[in-house]
1. In segment 153-182, how many residues are open to solvent by less than 50 Å² (accessible area, probe 1.4 Å) and either basic (Lys, Arg) or more than 23 Å from Ala9 (Cβ to Cβ) (or both)?
2. From the list Val136, Val117, which residue is of a type in the set (A, V, I, L, M, F, W, C) and closer than 22 Å to Asn31 by Cβ?
3. Of all residues in segment 101-111, how many are touching a residue at least 12 places away in the same chain (Cβ under 8 Å) and surrounded by fewer than 19 Cβ atoms within 10 Å (Cβ to Cβ)?
4. In segment 36-44, is there at least one residue being more than 26 Å from Ala222 (Cα to Cα) and more than 16 Å from the ligand (Cβ to nearest atom)?
Amino acid sequence: MKKELPIIALDFPNGREALEFVDLFNSERLNVKIGMELFYIEGPKIVYELKKRGHHIFLDLKLHDIPNTVKSAMASLARLEVDMVTVHCPGGSTMLKAAVEGLTDGTPANGKRPIIVGITQLTSTSPEQVHTEQLVDHKYTLEESVIHYATIAKKAGLDGVVSSPLEAKHIKEAVGYDFQVITPGIRPELSNDDDQKRIATPHQAAHFMSDYLVIGRPITQAVDPVTSYHQMKDDWNKALLER
Ligand code: C5P
């Protein structure tokens, strides 16, 4: 998965719409993210179709179950030969280690183990919810909880975490600069009125030390998705050279 290419979130209700969308890019190789919406309706065949076209696949299924189940499920995902997968950090360090083991077991002999990244706190989780529902003591902030989960993830052998671009630098300072930070919440300019709150432009995300950008609606819903993708990619690449 090439860091210089933003990962396009293929949040479409079916494979036909997803494939029509990627085919707008002709033979250009893309990094794409398949989430639950698309995978639950199409299954592995959408992975095969996109791989056949040469695209790199981030399969974002956010696994969270008992360690043994997660281990077996990760082995199945590794057999699909995707490039990146996700798991929920609140499942605990035993589950996270099992996820890495399963992924390693399922990787074909001459293949490359997919990058595995953790979901720490969902960006939709509010500080109030962390206190009232997860019973996290008021002396800890949401950001401290994110960093703590990132530390656990690294110890368990994960390659990185998903976070808001605004948290990327703090995570790297706490956990290490080799730990990968994948950031959604990317917008072309900061006049955003959709549901993402903790956002940054590709340029800002590069300076905040993001490793990979995930971009959905600013590209998929754009009047001209190809131009919008290239503008955001250029902005990101220019800033990567500056940092
Ligand atoms: O359309 P938008 O650019 O907001 O899409 C962002 C993508 O990243 C969506 O697929 C969303 O599910 C995903 N995501 C996120 N925040 C997280 C984890 C994943 O927005 N914390």
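1. 5
2. Step by step, each of Val136, Val117 is checked, and only Val117 is of a type in the set (A, V, I, L, M, F, W, C) and closer than 22 Å to Asn31 by Cβ.
3. 6
4. Yes, segment 36-44 has at least one match.
The values are calculated or read from the model by the stated rules, or taken from the named source; none is laboratory data. Quick caveat: nothing in here was measured; it's all calculated off a predicted structure. Don't worry about glycine lacking a Cβ; one is built from the backbone with ideal geometry, like all the others, and counts go over all protein chains shown. Note: accessible area is taken over every heavy atom of the protein model, side chains too, but ligands, DNA and RNA are not part of it. Shrake-Rupley method; radii C 1.70, N 1.55, O 1.52, S 1.80 Å.
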